[in-house]
Amino acid sequence: MTVVIGFEGSANKIGIGIIRDGEVLSNPRRTYITPPGQGFMPSDTARHHRAVILTVLKEALEQAGLKPADIDCVAYTKGPGMGAPLVTVALVARTVAQLWGKPLLGVNHCIGHIEMGRLITQADNPTVLYVSGGNTQISNDPSPGYNIEQMAKKGSRYVELPYTVKGMDVSFSGILSFIEVSGAFILFHFLFHCNLRLEHLLSFYQHVSSTGNLRLQEMMGVMCKERGAKLFATDERFCIDNGAMIAQAGWEMFRSGYVTELEDSWITQRYRTDEVEVTWRD
């Protein structure tokens, strides 16, 4: 048996999960909540994580019924994410690994989501749609953000929405604070565009693993039914950032020979999914 503990804290959630051979033993987390209409600043978020991370660690071990000696590897989120929270979690993970005498492993946050989805849904070699507030990556040309901008150019009234587009990276993290009819219209078109990308992919694959967005799941379900494909979807326990997803990705990586040396255990805010060499999948 291989037991991996995972530390996640790339944004406003701090979570620590423990995985043993595909079984989720524990997965406690805390969320940094700001007043309505305000976003979370990296420094304030990191301060929150520092205040609660040891409590969450204690809960993870107690819920799993394990001691540090039972852990085989310590995994942490290397990126992408906000710099200050990432550093906070990485420091604690490095300290724990050294105190416990365990190997350390830096995990890509997006790979964590994907591997957790595969574990929970038990989908066999699925096409994965990964849609996130800050880490959305869809292999198409042009990108959804580009299409939104083109639509906006045809409008007659300017509505400022807090989203940004950097190449294939799209961030809609603050858009809910400004939602109105026009905002909902734009979001619908973004979801519709995601479906168009999947329609193309389904000509090659017949299984889709989905995000937790219920409207998107509904649209994808219709599309899959029309094409004889099967839709797999995760729920909020494992779709929202959590430590178990980092533990699961770390479990896969550790068993395939991955280890992060202490001098290489830094973080990076820009860590694309396609930068990870996946050696544990055929």
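The values are calculated or read from the model by the stated rules, or taken from the named source; none is laboratory data. Since we're looking at a predicted model, the values are computed, not measured. Note that we place each Cβ from the backbone using ideal geometry, even for glycine, and neighbour counts take in every protein chain shown. Remember, those area values only see protein heavy atoms, side chains included, never the ligands or the DNA or RNA. Shrake-Rupley method; radii C 1.70, N 1.55, O 1.52, S 1.80 Å.
A compact table of results
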{"item": "Subset of segment 244-281 [within 22 Å of ASN125 (Cβ to Cβ), aromatic (Phe, Trp, Tyr) and in the same structural domain as TRP100 (by the TED database)]", "result": "TRP251, PHE254, TYR258"}
{"item": "Pairs where the first residue, in segment 78-93, is closer than 19 Å to THR273 by Cβ and the second is of a type in the set (Lys, Arg) and surrounded by fewer than 22 Cβ atoms within 10 Å (Cβ to Cβ), C-beta under 8 Å, 6+ apart", "result": "GLY79/ARG270; PRO80/ARG270; PRO80/ARG272"}
{"item": "Condition check for THR268: under 21 Å from ASN12 (Cβ atoms), modelled with pLDDT under 95 and open to solvent by less than 20 Å² (accessible area, probe 1.4 Å)", "result": "no"}
{"item": "Those residues of segment 57-73 which are in contact (Cβ under 8 Å) with a residue 60 or more places away in the chain and under 15 Å from ARG30 (Cα atoms), in sequence order", "result": "ALA60"}
{"item": "Hey, ASP72 open to solvent by 50 Å² or more (accessible area, probe 1.4 Å), of a type outside the set (Gly, Ala, Ser) and under 27 Å from GLU275 (Cβ atoms) or not", "result": "yes"}
{"item": "In segment 1-42, the residues that are hydrophobic (A, V, I, L, M, F, W, C) and free of Cβ contacts under 8 Å to residues at least 40 places away in the same chain", "result": "MET1, ILE33, PHE40, MET41"}
{"item": "Candidate set from segment 235-255 (those that are open to solvent by 50 Å² or more (accessible area, probe 1.4 Å) and modelled with pLDDT of 90 or more); member that is nearest to the chain's Cα centre (by Cα)", "result": "PHE254"}
{"item": "Residues satisfying the stated conditions in segment 31-54, i.e. open to solvent by 70 Å² or more (accessible area, probe 1.4 Å) and modelled with pLDDT of 95 or more", "result": "ARG47, ARG50, ALA51, LEU54"}
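To keep it simple, each residue is scored yes or no on (1) closer than 14 Å to ASP241 by Cβ; (2) crowded, with 19+ Cβ neighbours inside 10 Å; (3) modelled with pLDDT under 90.
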{"position": "TRP100", "(1), (2), (3)": "no, no, no"}
{"position": "LEU105", "(1), (2), (3)": "no, yes, no"}
{"position": "LEU119", "(1), (2), (3)": "no, yes, no"}
{"position": "SER132", "(1), (2), (3)": "yes, yes, yes"}
